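Taking it in order: structure first as structure tokens, then the write-up.
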Amino acid sequence: MKSNVMLATRRNFVVGGIVAAAAATLPTTGNTATGANTVSGHANSPARRTVITKDGTRIFYKDWGTGRPVVFSHGWPLMGDAWDNQMFLMASHGFRGIAHDRRGHGRSDQPWEGNDLSTYADDLAELIETLDLKDIILVGHSTGGGEVTRYVGRHGTKRVSKVVLIAAIPPLMLKTPANPGGLPISVFDDIRAGVMNDRSQYYKDLSAPFYGANRAGSKVSQGVRDSFWLWSMQAGLKGSYDCIKAFSETDLTEDLKKIDVPTLIIHGDDDQIVPIADSAMLSSKIVKNATLKVYQGAPHGLFATHGERLNKDLLDFANA
């Protein structure tokens, strides 16, 4: 028995050495960086592409295609995978699609601190600067639209050529004396309670108004709703909870005023999550060079329910 153990050990050692040697000869891959780079904080490999921010948070991203970069920011409480159809579209038409998971969401780290729009915007800036992206088309949905807007407010448009805001939260969701058309704080307190008490069931329930599945005649599949739940459950509790305050109470009016590039604003007039009257209708009047497109009957998750129309508008705008 002893000799058998020794033979097995020797065999495992030899096989392990062969595998390690073979792995060492494999080339690293990536569009603009070469493998792991601890100096720039960039780890770019087929298995795990991440940017490490100044506070040590790892931000995961997907990078498809080559060409002019189109950078996508997702909504709450989702992840970059929500953009897969649009990423595929752009990468198939000569663009480079990049979608990250916001801190606290998806495959990115879940830090206790920094779950606010300014830090989200700074994380986006670190991703853009690490990959040295230029002439960017920035696309944000919902909270991602707030992230994109705050990015411009804090970092300008020197690397940005166009902006697309889809069912986005700006300028401010919360009802205040200066924003009487907003939603009362009780709406967001209810969201916090749902996330804290039973977030799994809450996300299943939330998928109905998110995609308009609670409307008569809806054709939203169970698969689409299941995807929402799957993506949402990959967000950490702390990040999800903090983000509710971030997307509801952050006033982005001054940031909108700093957008000085062509901007496409798309919103559904049946958006039950971010009502159009106090979001897109106001933002389109604040942003210079803004074009507003209202999708009749479209819900908040129009990237799924109205994907064909959205894809056409997105591609036309990118090519214009």
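Quick notes on this structure:
- Test: residue 277 is touching a helix residue (DSSP H, G or I) at 6+ places or on another chain (Cβ under 6 Å), part of a helix (DSSP H, G or I) and either at pLDDT 95 or above or under 19 Å from residue 173 (Cβ atoms) (or both): no
Here is a yes/no grid of residues against (1) modelled with pLDDT of 95 or more; (2) open to solvent by less than 40 Å² (accessible area, probe 1.4 Å); (3) out of contact with any helix residue (DSSP H, G or I) (no Cβ under 6 Å at 6 or more places or on another chain):
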position	(1), (2), (3)
42	no, yes, no
57	yes, yes, yes
60	yes, yes, yes
63	yes, yes, yes
68	yes, no, yes
71	yes, yes, yes
91	yes, yes, yes
110	yes, no, no
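- Figure legend. Inter-residue proximity from segment 118-141: first residues basic (Lys, Arg), second residues in a loop (DSSP other than H, G, I, E, B) and open to solvent by 30 Å² or more (accessible area, probe 1.4 Å), beta-carbon distance below 9 Å, spacing 6+ or different chains. Indicated pairs: 134/158; 134/159.
A quick yes/no check of all residues on (1) touching a Ser or Thr at 6+ places or on another chain (Cβ under 9 Å); (2) in contact (Cβ under 8 Å) with a residue 12 or more places away in the chain; (3) open to solvent by 40 Å² or more (accessible area, probe 1.4 Å):
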{"site": "264", "(1), (2), (3)": "yes, yes, no"}
{"site": "272", "(1), (2), (3)": "no, yes, yes"}
{"site": "276", "(1), (2), (3)": "no, yes, no"}
{"site": "289", "(1), (2), (3)": "yes, yes, yes"}
{"site": "298", "(1), (2), (3)": "yes, yes, no"}
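- Residue within segment 218-228 that is part of a loop (DSSP other than H, G, I, E, B) and in contact with a Pro (Cβ under 8 Å, 6 or more places away or on another chain) present: no
- Test: residue in segment 298-318 that is assigned to a helix (DSSP H, G or I), more than 30 Å from residue 92 (Cα to Cα) and not basic (Lys, Arg): no
- Considering residues of segment 124-150 that are open to solvent by 10 Å² or more (accessible area, probe 1.4 Å) and assigned to a helix (DSSP H, G or I) only, the residue nearest to residue 317 (Cα to Cα): 150
- Exactly one residue among 175, 158 is touching a helix residue (DSSP H, G or I) at 6+ places or on another chain (Cβ under 8 Å) and surrounded by fewer than 19 Cβ atoms within 10 Å (Cβ to Cβ), and that residue is 175.
The values are calculated or read from the model by the stated rules, or taken from the named source; none is laboratory data. The structure displayed is predicted, hence computed values, not measured ones. FYI the Cβ positions are ideal-geometry reconstructions off the backbone, even for glycines, and counts take in every protein chain you see. To get the accessible areas, we keep the full protein, side chains included, count just its heavy atoms, and leave off ligands, DNA and RNA. Shrake-Rupley method; radii C 1.70, N 1.55, O 1.52, S 1.80 Å.
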